[in-house]
Every structure is written in structure tokens, then in C-alpha cells.
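The values are calculated or read from the model by the stated rules, or taken from the named source; none is laboratory data. Computed from a predicted model, the values in this text were never measured in an experiment. For neighbour counting, all protein chains shown are included, and Cβ atoms are generated from backbone atoms with ideal geometry for every residue, glycine included. With ligands, DNA and RNA removed, areas are computed over all heavy atoms of the protein, side chains included. Shrake-Rupley method; radii C 1.70, N 1.55, O 1.52, S 1.80 Å.
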Amino acid sequence: MSLPEPLTALGAAALEAIVRSPSETLIASDFDGTLAPIVDDPERAYADPGAVAALGRLGEHVGAVVVITGRPARMAVRLGRFREVAGLGSMIVLGQYGVERWDAAADEYRLPPNPPQIGAVADELPKILDSLGLAEARIEDKGRAIAVHTRSLSDPKGALAALADPLADLAERHGLVLTPGKNVWEIRSPGIDKGATLRTIVDESAARQVIFAGDDLGDLRRFGPYANWRRREWQDYSSALPRTRRMR
């Protein structure tokens, strides 16, 4: 199979470095929308077997394979079926944006306690949704974060916009932050994002080259200042945000 043709001189240099020294290369990927399809029920978003098998083949050559996801680590491991795939024996899954961790080599999880504020948010959310006529929106309690999905509603974007101010107020009252995704709002603890998590794992692995794949707004931070943001999509989602608040 031929290698892809780089679009820039920088890309060509990166590809050359990866081919020359794959053992110093880290492959990182998001989960939903990248390894697994976006589906109405997050509990059934199983990773595509072909995508995971491809990671396994790469894992036999590169220095590290890492999944960084907003999902809880246990759920990502279960839906990814990573234990069953050859080549992923040293894989790392970083869940909840990097707060949780699973190391395949020892089959061990590191799961800090959940913040109590999330439970308080979960208690208040149904009443807020009902008051807006959006009681059918799906609530996903991740333990360290809570998401409200609108993709199954008749007007997902309209519902997303209607929820912006009430959810921003709710997050602010509990010292949490509100972040957008594809037809979803997520309320979580401040101070951690996928970009910072990727930089930490790059330092840990001493990787000299990094390949990253992602599909949603939360993944943009992993590209740092060199990201070629899809500005139109960004504007579609960020226009629903209250003007007086910034996403963290």
C-alpha cells in the first residue's frame, strides 16, 4: 500500500520522520466519531473492529498507542474491546479528558473520586429540561461530567441553542465549566482538556513524532496553535454560547 501524499513541506518532513523512526512515534486518537460511530445511545457506540485492528497493526511498530476521550475509561475500554486485539498490549486509554487512565500492560485502572458537584447538577437537570420543553433530551452521567445530547430531538441545533444560557448558569453556580460538541453540551470540572493530556503523554513516552485523529470541537486543543480550525463549524456551535461567557 502506498503512503499518503503530504499536503505541505512540514507534513512531508513529519512523514519521513515517522517512517524513519516509528518506535519514536505516538499514535493518539479520540473515541467517538473517530474509532466509533456517533449514535443516539452512547452506551452502544462500539468501536469499529476494522479501526481497532488497524491500531493493533500499528501498535506492533510504533512507540505508543493512546486513546484520549471524554468518556469514562472503563466504558471506552469496554466499547473498544481493546483487550481482544493483538498489538495493543501496551495501549493506554485516558478517560474523562485525561483524569482517568487504563494501562493495558497491567490491565489496571486509575480512577480518582468523582466531584460531588456533578451529582448536584444531575439532580437539577431534569427540571431545567422540562421547563424548556426539552425533557426528551438525553442525559449522560459520566461520573466526572454530565452531558446533555440533543441529536435525537426534532430540532437538535435549536435545542442546543435554547440550552446554552440555562446550562451555563447551572455550571457556573457549581464551579464547573460548560463545553459544546456535536449536538451536545457537557458540564465538567475546569482545568483539564485533551490538549494538555496529549502533551503530558507525549512527555511521558518521549515521543518525537505524534499522529493524532479526532473529529469534534474538544479535539481542537490537541492541535495547539497550529490547528487549521474548521471555522464555519466552530461558529455554528459557538454562536449558541452566551456572549458573556467563554468556553474553557
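Considered as a group, the residues in the stretch 99-120 that are among the aliphatic types (A, V, I, L, M) and closer than 29 Å to residue 170 by Cβ include one that is surrounded by the fewest Cβ atoms within 10 Å (Cβ to Cβ), and that residue is 120.
Taken together, the criteria place residue 165 among residues that are touching a residue at least 60 places away in the same chain (Cβ under 8 Å) and more than 22 Å from the chain's Cα centre (by Cα). Residues that are open to solvent by 30 Å² or more (accessible area, probe 1.4 Å) and not charged (D, E, K, R) number at least 2 in the following strands (runs of 3 or more DSSP E) confined to the stretch 122-218: 209-213. Against the definition (aliphatic (A, V, I, L, M), open to solvent by 80 Å² or more (accessible area, probe 1.4 Å) and under 25 Å from residue 202 (Cα atoms)), how does residue 10 come out, yes or no? The answer is yes for residue 10.
If you take the residues of the stretch 73-98 that are assigned to a loop (DSSP other than H, G, I, E, B) and open to solvent by 20 Å² or more (accessible area, probe 1.4 Å), which of them is nearest to residue 48 (Cα to Cα)? Among them, the one singled out is 81. Suppose we filter the stretch 13-34 for residues that are touching a Ser or Thr at 6+ places or on another chain (Cβ under 7 Å) and either assigned to a loop (DSSP other than H, G, I, E, B) or of a type in the set (Val, Ile, Thr) (or both); how many remain? Final tally of qualifying residues: 3. Of all residues in the stretch 35-65, those being open to solvent by 50 Å² or more (accessible area, probe 1.4 Å) and either touching a strand residue (DSSP E or B) at 6+ places or on another chain (Cβ under 7 Å) or not in a helix (DSSP H, G or I) (or both) number 8.
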